[in-house]
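One structure below.
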């Protein structure tokens with residue numbers, strides 16, 4: 001009895017601590033994935049340093065920076081689908097592996113999903129063409145083997161959009177935990193293959209083949225997680241029709257503007273460094289940004305895993321619960337992000353006394369400036385998640401302004417004044433212009449919403 005009492009007390013204490021930290025099942029599952037990211041990033045870095053030359057490292061990170069160009073074809077559609085699925089799922093239930101509820105509501109959900117899948121039959125070929133053209137432009141001085149590797153990588157990148165769509169659909173059913181487990185599995189397989197093929201001296205092909213194997217594994221296990229649901233989706237007979245194109249396209253074009261702008265903001269740095277200062281600087285910047293991305297990935301789940309809940313709270317009109325959930329999760333995420341940034345700088349400071357990574361990472365001051373610019377970026381991201389839960393995209397003009405200012409820094413400031421000027425200019429843009437504008441939009445929306453509720 002005494003031992004049982006202690007075990008129960010310890011378990012209750014641990015659950016209490018996790019609850020206060022905002023770590024529920026979905027966050028915990030996401031954190032497994034994120035912590036693995038913290039593990040795999042330095043591990044992959046060591047293999048890259050060991051088995052690739054400085055020039056090959058630059059090509060590796062240029063590949064990784066160009067692949068998000070698929071956003072120019074997808075244009076935020078997966079985010080829209082998650083939101084719309086969550087709104088429709090708020091009226092339904094997921095029981096014994098299938099969707100249950102009123103026939104009309106089931107029809108509406110499944111017609112939405114089928115519309116999304118049909119739409120992707122056009123998006124995927126478009127994405128592959130965009131990747132082929134862009135890669136050929138940036139890599140036109142490379143060998144024929146590198147170009148062939150990029151062509152194969154482009155095909156994998158286009159097909160990965162289909163996997164992202166299916167995961168977004170399932171996540172919209174408030175299955176964040178299951179999706180994160182699937183991503184975790186895929187990440188393990190991809191990383192293991194990348195490292196194994198690097199060890200076998202396959203160079204850039206290690207990235208290509210590893211990502212292809214990871215995609216196959218993720219798609220396979222996504223189906224095995226809910227075979228009855230996917231079969232229900234395939235065989236369900238619709239008795240109602242819904243004009244999804246008209247409803248979604250009014251939001252899609254604003255998302256398109258945001259996503260195009262987003263690519264300029266987040267993924268132009270490494271290709272630009274490759275173009276203006278060579279593969280070595282591109283490799284240094286790419287590796288440093290990957291470490292910063294790993295820190296951000298640890299903080300983001302506190303808000304990101306709440307997206308289906310935020311969408312459903314909006315759909316059911318529970319405004320107080322919506323604000324409380326968003327405020328609490330945002331504060332928790334911000335604290336984790338700041339602590340992670342300080343931790344990363346501390347680790348890099350210790351590593352600076354060793355020579356094995358010299359000339360492979362940016363200096364500590366440059367890394368600190370990049371981390372500083374990441375703070376307003378994350379705050380803006382959290383505000384956008386809240387606003388998009390209302391099926392709106394009020395940040396599209398902000399995104400255009402942001403992209404224009406960052407493009408100016410990349411294409412005008414960077415070539416003339418160097419990397420330090422680029423990073424300082426980026427901080428000025430985010431802290432002095434974009435973040436105040438984003439906060440103004442957020443507050444204006446909430447004031448308008450409160451007035452409408454009063455009326």
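A few points about this structure:
- Selection over region 317-370 of residues that are part of a helix (DSSP H, G or I) and closer than 21 Å to residue 426 by Cβ gives a count of 16.
- Here residue 424 does not qualify as closer than 30 Å to residue 314 by Cα, more than 22 Å from the chain's Cα centre (by Cα) and assigned to a helix (DSSP H, G or I).
- Among the residues here, residue 130 does not qualify as in contact (Cβ under 8 Å) with a residue 40 or more places away in the chain and either closer than 28 Å to residue 227 by Cα or within 17 Å of the chain's Cα centre (by Cα) (or both).
- For region 206-231, the set of residues classified as farther than 29 Å from residue 390 by Cβ and touching a strand residue (DSSP E or B) at 6+ places or on another chain (Cβ under 9 Å) consists of 228, 231, listed by residue number.
- Inter-residue pairs, beta-carbon under 6 Å, first free of Cβ contacts under 8 Å to residues at least 40 places away in the same chain and in region 408-419, second in a helix (DSSP H, G or I) and buried (at least 22 other Cβ atoms within 10 Å of the Cβ), 6+ apart: 409/422; 409/426; 413/422
- The set of residues in region 184-205 being touching a residue at least 40 places away in the same chain (Cβ under 8 Å), under 21 Å from residue 35 (Cβ atoms) and crowded, with 21+ Cβ neighbours inside 10 Å consists of 194 alone.
- For region 138-173, residues that are more than 30 Å from residue 94 (Cα to Cα), touching a residue at least 60 places away in the same chain (Cβ under 8 Å) and outside any helix (DSSP H, G or I) total 2.
- Looking across 162, 170, one residue alone is under 19 Å from the mean Cα position of the chain (by Cα), within 23 Å of residue 249 (Cα to Cα) and surrounded by fewer than 20 Cβ atoms within 10 Å (Cβ to Cβ). It is 162.
- Residue 400 modelled with pLDDT under 90, over 19 Å from residue 300 (Cα atoms) and either assigned to a helix (DSSP H, G or I) or touching a strand residue (DSSP E or B) at 6+ places or on another chain (Cβ under 9 Å) (or both): yes
- Screening 29, 86, 65 for residues that are assigned to a helix (DSSP H, G or I), touching a helix residue (DSSP H, G or I) at 6+ places or on another chain (Cβ under 8 Å), at pLDDT 85 or above and closer than 29 Å to residue 389 by Cα leaves exactly one candidate, 86.
- Condition check for residue 92: crowded, with 16+ Cβ neighbours inside 10 Å and either touching a residue at least 60 places away in the same chain (Cβ under 8 Å) or touching a strand residue (DSSP E or B) at 6+ places or on another chain (Cβ under 6 Å) (or both): yes
Residue-by-condition table, conditions (1) surrounded by fewer than 23 Cβ atoms within 10 Å (Cβ to Cβ); (2) farther than 14 Å from residue 255 by Cβ; (3) touching a residue at least 40 places away in the same chain (Cβ under 8 Å); (4) over 21 Å from the mean Cα position of the chain (by Cα):
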position: 41; (1), (2), (3), (4): yes, yes, yes, no
position: 49; (1), (2), (3), (4): yes, yes, yes, yes
position: 56; (1), (2), (3), (4): yes, yes, yes, yes
position: 61; (1), (2), (3), (4): no, yes, yes, no
position: 66; (1), (2), (3), (4): no, yes, yes, no
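Matching residues to (1) surrounded by 19 or more Cβ atoms within 10 Å (Cβ to Cβ); (2) at pLDDT below 90; (3) touching a helix residue (DSSP H, G or I) at 6+ places or on another chain (Cβ under 6 Å); (4) within 24 Å of residue 68 (Cα to Cα):
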residue: 294; (1), (2), (3), (4): yes, yes, yes, yes
residue: 305; (1), (2), (3), (4): yes, yes, yes, yes
residue: 334; (1), (2), (3), (4): no, no, no, no
residue: 351; (1), (2), (3), (4): no, yes, no, no
residue: 386; (1), (2), (3), (4): yes, no, yes, yes
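- Residue-level check: of (1) over 20 Å from residue 46 (Cβ atoms); (2) not in a helix (DSSP H, G or I), residue 202 misses just (1).
- Pairs meeting the criteria (first residue in region 371-388 and under 23 Å from residue 312 (Cα atoms), second residue in a helix (DSSP H, G or I) and modelled with pLDDT under 90, beta carbons under 6 Å, at least 6 apart or on different chains) are 382/303; 385/303.
- Residues of region 206-264 classified as crowded, with 18+ Cβ neighbours inside 10 Å, out of contact with any helix residue (DSSP H, G or I) (no Cβ under 8 Å at 6 or more places or on another chain) and within 22 Å of residue 150 (Cβ to Cβ), total: 0
- The residue that is farthest from the chain's Cα centre (by Cα), among those in region 241-272 that are farther than 18 Å from residue 79 by Cα, in a helix (DSSP H, G or I) and modelled with pLDDT of 80 or more, is 272.
The values are calculated or read from the model by the stated rules, or taken from the named source; none is laboratory data. What you are looking at is a predicted structure, and each value in this text was computed from that prediction instead of being measured. Quick reminder, even Gly has a Cβ in these numbers, built from the backbone with ideal geometry, and neighbours come from all protein chains shown.
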